[in-house]
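Working notes for the structure below.
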Amino acid sequence: MSGELVVDEGFPTEEETQGLLLKVTDLKTSFATPRGRVRAVDGVSLELGRGETLGIVGESGSGKTVLSRSIMGLLPRRTTTQSGSIVFDGTEIVGAEDKTLRTLWGAKIAMVFQDPMTSLNPVVRIERQITESLRLHTSMDKAEAKATAISLLGQVGIPSPTERVRNYPHQLSGGMRQRVTIAIALACSPRLLLADEPTTGLDVTVQAQILDLLSSLQQERHMAVILVTHDLGVVATRTDKIAVMYAGRIVETTTTRRLFADMAMPYTKALLNSTPRISDPSHTRLTAIDGRPPDLINPPPGCAFAPRCESATDQCRTEAPPLRPAPSDPTHLFACWNPLPGGTAGRVTTLEESP
Amino acid sequence: MSDIAATVASAAPEAADDDGIVKKKKVGVFFWIFAGWVALVVLASILAPLLGLQDPNNANFDAINQGPTTAHLLGTDDLGRDILSRVIYGARVSLIVGFGAMTIGMIFGGTLGMVAAYRRGAVDSFVSAVSYVMLAFPALVAVIAIVAFWGHDIWKITIIVGIASIPLVYRVVRAATLSYATREFVTAAKSQGATDIRILTRELLPNVLPAIISFFLIGVASVIILEGALAFLGLSVQPPTASWGNMISESRTYLSQNPWLALFPSLAMFLFLIALNLIGDSLRQVLDVQDSKL
Amino acid sequence: MAKFLFKRALALIAILFVVSIGTFFLIHLLPGDPTVTILGPNDTAHNKAVLLQQLGLNKPIWQQYWIWLGNVLTGNLGQSFITHATVTSTLAHAVPIDIELVIISQVLALGIAIPLAIASARRPNGLLDRVSTTSSFAMLALPPFIIIVFLVLIFSIHFHVFPGPGSYVPFTQNPWSNLHTMILPAIVLAVGSIVIYFRLLRGDLISTLQEEYITMARSKGLSDRYIMWRHALRPSSLSLLAAAGLNIGGLIAGAFVVEYLLAIPGLGYALVNSIQQVDYLTVQGITLFVAVVVVVLNFIIDFLFTILDPRIARE
Ligand SMILES: Nc1ncnc2c1ncn2[C@@H]1O[C@H](COP(=O)(O)OP(=O)(O)OP(=O)(O)O)[C@@H](O)[C@H]1O
Ligand SMILES: [Mg+2]
């Protein structure tokens, strides 16, 4: 478990943005379930500067969604227990009242949900779904809000937005719907956009379009983005830094460039090798890494990945590796007793042989 | 603290239970209390002659319209008949009509529903269309009319109400079966050469049984209410035969003098109906949990 | 949308046709001889034959049906052998009373059930939810006749707040007394409806609130109240609407116990009376009327469905 914080210096930042937007410290999120406590996020620390892009990568069930929803404070309260701290733009999120969070939601933090088929209300017109947050967070009147909604739809690449705005979600294709959810998220120009696997439900060409759209909008607006995915290929070209998650923890984090040049964790490499192929049905549960994901209720002693790791030793199976800096580069943190020898990184576009 | 936050789905909808509260749904104490009550009523009405009760039709003009006494635990009616004994004998009518009619509905509607859901195709389309049209027909009106014109002894009522319940039973059972008819275990059984009858009785029936029993009990409750309504119109079993409906209906004449007359049969019926509904509902809830585990 | 409604309308006509056959044969296949009812059991065979001829009852039954259907379509439901009133005029007297009863009871029922369901669904398993769910169980087990007996006992006999059975006053005669007499029956009918509406809406709201689009709405910073009314209520109200349709259709004649016991001359009352007097034509007319109302109500509800949920009219 990491007490240390991820160090900020050394990461490339946009020249016009300084200062931290988001600082997560030793965040733990767990759920009460009939079988026991599920530790879905177990001691995560990370930092994000203004305008920066962070990729969060991990296999299915590694806690990416829970982490991003924790950052927003959007988890069901009854069954959720949280500790640690999340400071967003000066506001503590952990333990905050909904009243406080509502001033941030939509206005300063927004989220693009995983599945555009379920995240739009089927019985509410696109127009209202966009304008309701505009009306809430800005002083626009009905007509101004509508005009803004139309222009937002135009910006996210929806043809004939003036007509589309009167549509219901079912009248749009999946890709169009995801564009609409992006328009909704961007409506009030948030400082931070959380995109939780924004393209998993879509086919590959549309995926690329949506991701490119996100990048260009981000650049225009100097918005920070957390891009969640289980596909390392997706984050390779679109993020400044990457955090790799396994079993609710960050197990490796560094700049995107360095990660691909010199990954240390066997898990990260396995993840890269399991990058979904174009032919795979969308959102296939990632079973490409051999073995089963660990039980989050009774995690194994030692490194959680050890049972599935080729280079695991007895130490790995008994003693949990701390998240610590690489000797060659203090900004490159990883939690592994037997890191891969330097320079073994795979390239993004080629798929290496399975481990 | 947000209220909706308590209800809203979590990251993994399949893992969250519908209340956001983690506890296994189990049948509670009330389930057993009410199950006990149903068992008691059923046993008492079957064994009524052995219980040493007074004759339910035995008039006694020296003791009319009494409240509860030691001689008559629940009092007497306007003819001095013992109410306890009439309530127990009266249960027979409700039980026969309620369980009888629903059994008829289940035998025909239930079988049709299972077969239609399993075979699909033309049979299913045809029977379903017929059931739709029958459901559009005001069954209640038809039941009263037929009962009135054809005669209202207990068996005729049972048969008429039973037949009237067929289309609804059909739809419910069909819907319940449909969700299992396409599961792997059915396809697997088919590919192993199991006969249709075997699949229906050994594979499908055990799975839909909880849903069917639950609906059956709630249906029995509705039929008992219907029998009571018929009694108020003078269209149920004829006096002096006791039935809960008859007793409540007759009690109206003496409502201001002797409210006990209305109270005890009403209470018996109320508790019995609540028991049937509660047991039916608990079964469904327990069933739902198992269903989501699959 | 237009195509969807057109298809529905075709189905409507088909169902109405089948229902008319059902009604006609239901009455005709029942035992009982109208000549006996009209002429008494001891008249001569000749007189009976003449009467059958007059009534058109000696024709083949299919022919009788077509004649009857033709009459029905022109608004002629026949004239009672017993009371000599036309069935249409009986309906015209009774139906407004049922409309009044349905309106009062449904306003009461929806006015109580919707807010209660919303409040319960906000905190499932909370105190309010548990109390209202438990009481809904109790109400489910209270048949209308038991409620009437005890309401009459308490409010008419003991406290004299409401008039007892048999004190119906027509609306045109004295609207105030009329409303006064209608409250008791409306309450009785409302009880049954509240249970149905409350349970359906609560359940549907709870599952709607699990939907991803509710989380999405929250993530926009919208208030709980806004989310409940604007995002959750509408998609949750489909079963409520369907149930309301069925329920209202059922109440049109199903209020017979209430009407009969409180002597309110609505359709149910007329139905029971004509059944007891073996007045075939009136029974037939009322049955047909109720069937038509039920079918038409369902059509209207299908239409409302397409408004509530735009996805439905899609295919
Ligand atoms: N509300 C909840 N109650 C109980 N367990 C939960 C809840 N939400 C998530 N979990 C569990 O937490 C773990 C992490 O889930 P999460 O959805 O964050 O994974 P993920 O990395 O987003 O996976 P995916 O790629 O499939 O979206 C899983 O084991 C999941 O079952
Ligand atoms: Mg996820």
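Solvent exposure of the stretch B:76-224 amounts to 41 Å² per residue of accessible area, where only protein heavy atoms count and the probe is 1.4 Å. For C:Gly266, what is the net charge nearby, where nearby means another residue's Cβ is under 12 Å from its Cβ and Lys, Arg count +1, Asp, Glu -1? Local charge sum for C:Gly266: -3.
Give me the accessible area buried between chains C and B, both sides summed, with a 1.4 Å probe, in Å² rounded to the nearest 100. Walk me through the intermediate numbers first.
Values: alone 17410 and 16120 Å², together 29000 Å².
In total, this chain pair buries about 4500 Å².
Judged by the gyration tensor of its Cα atoms, with axes a ≥ b ≥ c, chain C is oblate; a/c meets the 1.5 cut and b/c is at least as large as a/b.
Counting charges near B:Arg174 (Lys, Arg +1; Asp, Glu -1) among other residues having Cβ under 15 Å from its Cβ returns a value of +2. Projected over every direction and averaged, the convex hull enclosing the alpha-carbon atoms of the stretch C:34-76 yields 3.3 nm².
Can you give the accessible area buried between chains C and A, summed over both chains, with a 1.4 Å probe, in Å² to the nearest 100? Write down the numbers at each step before the final one.
Working: alone 17410 and 15990 Å², together 30930 Å².
For C against A, buried area totals roughly 2500 Å².
Here's how it looks for A:Ile250: its modeled amide H is under 5 Å from those of A:Ser45, which are all 5 or more places away or on a different chain. How long are the three semi-axes of the equivalent ellipsoid of the stretch B:137-221, in whole Å, if each is the root of 5 times an eigenvalue of the C-alpha gyration tensor, listed from largest down? Values for the stretch B:137-221, descending: 35, 12, 11 Å. When shorter helices are ignored and each DSSP H run of at least 4 residues is given -39500 (n - 2.57), the per-residue value for the protein assembly as shown at 222 nm works out to -17500 deg cm²/dmol. Of all complete DSSP H helices in chain C, those with a Cα span along the helix axis of 27 Å or greater and a mean Kyte-Doolittle hydropathy of -0.5 or more are C:2-29, C:87-122, C:175-208, C:280-308. As a size descriptor, the averaged projected area of the C-alpha convex hull of the stretch C:129-183 was calculated at 5.0 nm².
If only the Cβ of Lys and Arg carry +1 and only the Cβ of Asp and Glu carry -1, the dipole of chain C around its Cα centre is close to 1020 debye.
Is the stretch B:89-149 best put as rounded, prolate or oblate by its Cα gyration tensor, with a ≥ b ≥ c the root eigenvalues, rounded for a/c under 1.5, and otherwise prolate when a/b is larger than b/c, oblate when not?
Details: a/c = 4.56, a/b = 1.62, b/c = 2.82.
Oblate, because a/c is 1.5 or more while a/b does not exceed b/c.
Helix A:174-186 axis versus longest C-alpha principal axis of chain A: approximately 80°, rounded to the nearest ten.
Give the carbon-plus-sulfur fraction of the accessible surface of the stretch C:110-165 in %, rounded to a whole number; probe 1.4 Å, heavy atoms of protein chains only.
Taking all protein chains in place, the stretch C:110-165 shows 75 percent carbon and sulfur surface.
Taking DSSP loops as anything outside H, G, I, E and B, show the longest stretch in chain A free of GluC sites (Glu not before Pro) there with at most 15 other beta carbons within 10 Å.
Working: sites that count: A:Glu4, A:Glu9, A:Glu14, A:Glu15, A:Glu16, A:Glu97, A:Glu310, A:Glu319, A:Glu352, A:Glu353.
The longest such stretch corresponds to A:98-309.
How high is the FRET efficiency between A:Arg37 and B:Phe30 when r is their beta carbon distance and R₀ equals 30 Å, given to the nearest 0.05? Don't skip to the end; give the middle numbers.
On the way: r = 30 Å, r/R0 = 1.01.
E(calc), rounded to 0.05, equals 0.50.
Across the options B:Thr195, B:Pro259, B:Phe126, the greatest Cα extent toward the positive end of the charge dipole of chain B (unit charges at beta carbon of Lys, Arg, Asp, Glu) belongs to B:Thr195.
Could you compute the FRET efficiency for A:Arg324 and B:Glu184, with r as their C-beta to C-beta distance and R0 at 41 Å, rounded to 0.05?
Details: r = 48 Å, r/R0 = 1.17.
Efficiency for this residue pair is about 0.30.
Any idea how many Lys pairs in the stretch B:2-293 come in under 30 angstrom at the alpha carbon, given 8 or more places apart or on separate chains? Mind dumping the intermediate values first?
Working: B:Lys23/B:Lys293; B:Lys24/B:Lys293; B:Lys25/B:Lys293; B:Lys26/B:Lys293; B:Lys190/B:Lys293.
For the stretch B:2-293, the number of qualifying lysine pairs is 5.
Taking a threshold of 22 Å on the Cα-Cα distance, which of the pairs A:Lys142/C:Lys3; A:Lys23/A:Lys241; A:Lys64/A:Lys269; A:Lys64/A:Lys241 fall above it? Pairs exceeding the cut-off: A:Lys142/C:Lys3. Extending 7 Å from the Cα toward the beta-carbon at both B:Thr103 and C:Ile312 defines two label points whose distance is 4.0 nm.
Any chance you could list the semi-axes, whole Å, largest first, of the equivalent ellipsoid that the Cα gyration tensor gives for the stretch B:2-293, using √(5λ)?
Working: eigenvalues 346, 126, 58 Å².
Rounded to whole Å, the semi-axes are 42, 25, 17.
The per residue volume of the convex hull around the alpha-carbon atoms of the stretch A:15-239 is 133 Å³.
Per atom type, the stretch A:15-239 shows carbon and sulfur on 50% of its accessible surface, probed at 1.4 Å. For the stretch C:217-257, the alpha carbon positions stretch 50, 14, 8 Å along the principal axes, listed from largest to smallest. Taking only the C-alpha atoms of the protein assembly as shown, the Rg (one decimal) and the largest Cα-Cα distance, Dmax (whole number), read 34.8, 121 Å. The stretch A:149-191 has equivalent-ellipsoid semi-axes of 17, 11, 8 Å, by the square roots of 5 times the alpha carbon gyration tensor eigenvalues, sorted largest first.
In a reduced charge model with +1 at each Lys and Arg Cβ and -1 at each Asp and Glu Cβ, the protein assembly as shown shows a dipole moment near 640 debye about its Cα centre.
If R₀ is 45 angstrom, what is the calculated FRET efficiency for the pair B:Asp153 and C:Tyr226, using the beta carbon separation as r and rounding to 0.05?
Between B:Asp153 and C:Tyr226 the formula returns 0.15.
With an a/c value of 1.5 or above and a/b not larger than b/c for the gyration tensor axes a ≥ b ≥ c computed over the alpha-carbon atoms, the stretch A:103-192 is described as oblate.
Across all Cα pairs in the stretch B:181-294, the calculated P(r) in 5 Å bins from zero up to the longest distance comes to 2, 11, 14, 14, 12, 10, 8, 8, 7, 6, 4, 2, 1, 0, 0 percent per bin.
Contact order for chain C, expressed relative to its length and based on alpha carbon pairs under 8 Å spaced 6+ residues apart, stands at 26 percent.
The values are calculated or read from the model by the stated rules, or taken from the named source; none is laboratory data. If you're wondering where the values come from, they're calculated on a predicted model, not measured in any experiment. Methodologically, a virtual Cβ is constructed for each residue, glycine included, from the backbone with ideal geometry; neighbour enumeration extends over all protein chains shown. Heads up: the accessible areas ignore ligands, DNA and RNA and are worked out on the full protein's heavy atoms, side chains in. Shrake-Rupley method; radii C 1.70, N 1.55, O 1.52, S 1.80 Å.
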